[in-house]
Amino acid sequence: NTQDYNLHRIIDESSAGSPFVKKVEGNIHTLITRSSGVFVINSGTGFESLIHGKPVCTFGQCDYSKVTFNADLIRLNEAKNFIDNYKEEYKQMGYEFVHWYYKIHAYDVNDGNTPARLTAYLQGVLNG
């Protein structure tokens with residue numbers, strides 16, 4: 001449709017010649033695996049990139065920002081350096097965050113202990 005065409009045209013024009021932007025299409029997991037790292041605002045793609053052990057630069061607020069490079073337009077070169085020089089210890093911190101998020105922070109709706117765990121948490125927060 002015309003709206004999709006216009007969006008693609010704007011993306012193409014805006015990213016032409018940028019050393020930071022490369023437009024690609026495909027399966028998100030394949031793209032992450034093949035990438036050196038990702039730049040996101042605050043999406044699930046950034047979280048999934050941590051699962052894949054990739055460096056992530058975030059431009060917005062997100063649950064996982066503590067294990068990313070918090071970027072802005074002024075620090076694009078620093079963000080690129082973060083990706084280019086990503087250390088094993090940072091990858092490990094990303095894995096540990098993902099583990100914490102799934103095993104401690106998140107609630108499994110299929111787990112019979114979830115209602116009691118969530119109730120205890122909310123009582124603690126509300127009674128503070």
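The values are calculated or read from the model by the stated rules, or taken from the named source; none is laboratory data. Only a predicted model underlies this, so the values are computations on that prediction, with no experimental measurement involved. All Cβ positions, glycine included, derive from the backbone under ideal geometry; neighbour counts span all protein chains shown. For accessibility, only protein heavy atoms count, side chains too; no ligands or nucleic acids. Shrake-Rupley method; radii C 1.70, N 1.55, O 1.52, S 1.80 Å.
Values computed for the structure shown
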quantity: Alpha-carbon gyration tensor eigenvalues x 5, square-rooted, for the stretch 15-55, Å; calculated: 18, 11, 9
quantity: Asn85/Arg9 FRET efficiency (R0 30 Å; Cβ-Cβ; nearest 0.05); calculated: 0.30
quantity: Highest average packing first - 99-106, 121-128, 63-70, 29-36, Cβ atoms within 10 Å; calculated: 63-70, 29-36, 99-106, 121-128
quantity: Whole-number Å³ per residue for the convex hull built on Cα positions in the stretch 51-91; calculated: 65 Å³
quantity: Computed [θ] at 222 nm, helices only, for the chain once each DSSP H run of length n ≥ 4 contributes -39500 (n - 2.57); calculated: -15500 deg cm²/dmol
quantity: Portion, in percent, of the accessible area of the chain that falls on carbon or sulfur, probe 1.4 Å; calculated: 53 percent
quantity: Accessible area per residue in Å² at 1.4 Å probe, computed on the stretch 1-112; calculated: 71 Å²
quantity: Using θ = phi - 60° and Karplus 6.51 cos²θ - 1.76 cosθ + 1.60, couplings along the stretch 36-41 (whole Hz; Gly, Pro as x); calculated: 7, x, 10, 10, 9, 7
quantity: Overall dimensions of the chain as given by Cα atoms, namely Rg and Dmax in Å; calculated: 18.4, 55
quantity: For the stretch 101-111, Karplus couplings with θ = phi - 60° (6.51, -1.76, 1.60), whole Hz, Gly/Pro x; calculated: 4, 6, 8, 10, 6, 7, 10, 7, 5, 8, 8
quantity: Rel. contact order, % - alpha carbon contacts under 8 angstrom, at least six apart, the chain; calculated: 16 percent
